[in-house]
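Data first, discussion second: the structure below is written as structure tokens.
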Amino acid sequence: MTDPLRATLREAKRVVVKVGSRSIVGASIDEGARPGGGRFAQIAAQVVALRSEERAVVLVSSGAVALGRGRLGFSAKPRAIAELQACAAVGQSLLMRGWEQALGAHSVAVAQMLLSHADLEDRERYLNARAALGALLELSAVPVINENDTVAVDEIRFGDNDQLAAMVCTLAGADLLVLLTDVEGLLDGSGARVRSVDELGSAQALVGSIPSELGSGGMGSKLEAARRAARRGVPVLIADARDPAILTRALAGEDVGTLVRPQGSRLASRKHWIAFTLRPRGDLILDPGAVIAIRDGNRSLLPAGVVGVRGHFGPGDLVILRDMSLREVGRGLVRYGTEDAAKLAGAKTGDIGARLGYHGGDEIVHRDDLVVSD
């Protein structure tokens, strides 16, 4: 019996495909990494086939560090940040040459987009990136997106390209996210492929913690990316890059890989940006009444509901709202900085001006700037 959700994949018009380092270079640096050939050519042929069906494709491609380390003579992945950045700088040109030659053989234009977390955390730059990506797709180019590893350090990194791919889904207005890896999909305790995931908590229990030597994201990272994309209403397929027809088979609705179904209520673009792109700068601890008002009543956070403040943040920064057991309740953009929020804790709205000497709004976090956690 055909899965109804898989059947709808036939109608997907915009597809984000994340290609991992191992999916590019195979089991070793030398395997399949010929510019324009090997895995590049295999995936490019499928991208072209999808385009012939009037689908737009965005590639989020890892592989720069892996390719660069081979060119620089490293026998193992370096640990020093500067050496990793050097590998990324050398490897990024090799990576783009591979895609340019592989897709160029089919007369397809290729566009490079390098992003850091700072690019997407700033709302104006985020909207500029979205506009540029939309223009490239309208012009029938294939954008190839990678993290700007040459300049990114821990505080401005996405974490790995799985998370970047989930954010790109919102940028691109994608109908489907495909995470290509080097296994059939999520595997259960007996090693059998899990066909679909309805609830991510049970799926995460199956995940091991062994990292990839070439890449940075394992199956746990893919499930986290799936959680983020699924909150945008985007189904996610974790599938085997070694299959030379995996993309065309998936978009034909075939039973391949592990399909993660959308989870919870669909978040609008701006609220998804708040929940999954911004970095939290602190916490607000709430009393039980405020937790109920936010979680069940879609209410704003008023000063009276705040019992504690942690971190260092300013107006407009992202904070995590927590209950008195420190469990996350939601995330939102705060209207007052750390010191003023602490002064307002427990206050009535009519007392704001007297406590601060000014009035910046009745709410500490307005409901329009607040996302309730899963």
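The values are calculated or read from the model by the stated rules, or taken from the named source; none is laboratory data. Quantities reported herein were computed from a predicted structural model and do not represent experimental measurements. Glycine also receives a Cβ, built like all others from the backbone with ideal geometry; neighbour counts cover every protein chain displayed. Heads up: the accessible areas ignore ligands, DNA and RNA and are worked out on the full protein's heavy atoms, side chains in. Shrake-Rupley method; radii C 1.70, N 1.55, O 1.52, S 1.80 Å.
Laid out as a table, the results:
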| quantity | calculated |
| --- | --- |
| Helix-only CD estimate at 222 nm, as mean residue ellipticity for the chain, using -39500 (n - 2.57) per DSSP H run (n ≥ 4) | -11000 deg cm²/dmol |
| Accessible-area value, R270, 1.4 Å probe, nucleic acids and ligands omitted, Å² | 90 |
| Inter-site label distance for D296 and T349 at 7 Å from Cα along Cβ, in nm | 2.2 |
| Partners for K13 among lysines (Cα-Cα distance below 29 Å; same-chain residues under 8 apart left out) | K222, K271 |
| At R0 = 56 Å, FRET efficiency that the Cβ-Cβ distance of R310 and A105 yields, to 0.05 | 0.55 |
| Percentage, to the nearest whole number, of Cα pairs in segment 84-164 over 16 Å apart | 57 |
| Net charge contributed by nearby residues that have their C-beta within less than 11 Å of G201 (K/R +1, D/E -1) | -2 |
| Inter-label distance for D188 and A49, nm, one decimal - labels placed 7 Å from Cα along Cα-to-Cβ | 2.9 |
| Highest to lowest packing among 233-239, 293-299, scored as the average C-beta count within 10 Å | 233-239, 293-299 |
| Surface accessible to a 1.4 Å probe, M324 within the full protein complex, Å² | 120 |
| All Cα pairs of segment 1-146, percent lying beyond 19 Å | 56 |
| Calculated FRET efficiency for the pair A205/R261, C-beta based, R₀ 22 Å, to 0.05 | 0.80 |
| E254 - accessible surface, heavy atoms, 1.4 Å probe, Å² rounded to 10 | 80 |
| Rounded to 5, the percent of DSSP beta bridges in the chain classed as antiparallel | 35 |
| For segment 210-345, radius of gyration divided by Kirkwood radius, i.e. Rg to Rh on alpha-carbons | 1.12 |
| Additional length obtainable on full extension of the chain from R10 to R249, 0.36 nm per residue less Cα span | 85.1 nm |
| FRET efficiency, D362 to L127 (Cβ-Cβ, R0 35 Å, nearest 0.05) | 0.80 |
| Among [x] 69, 51, 43; [y] 77, 41, 37; [z] 63, 44, 42, the entry that matches Cα extents along the principal axes in Å as calculated here | [x] |
| Gain upon complete extension [D3, S325; 0.36 nm per residue less C-alpha separation] | 111.9 nm |
| Dipole in debye (nearest 20) - the chain, about Cα centre, beta carbon charges: Lys, Arg +1; Asp, Glu -1 | 240 |
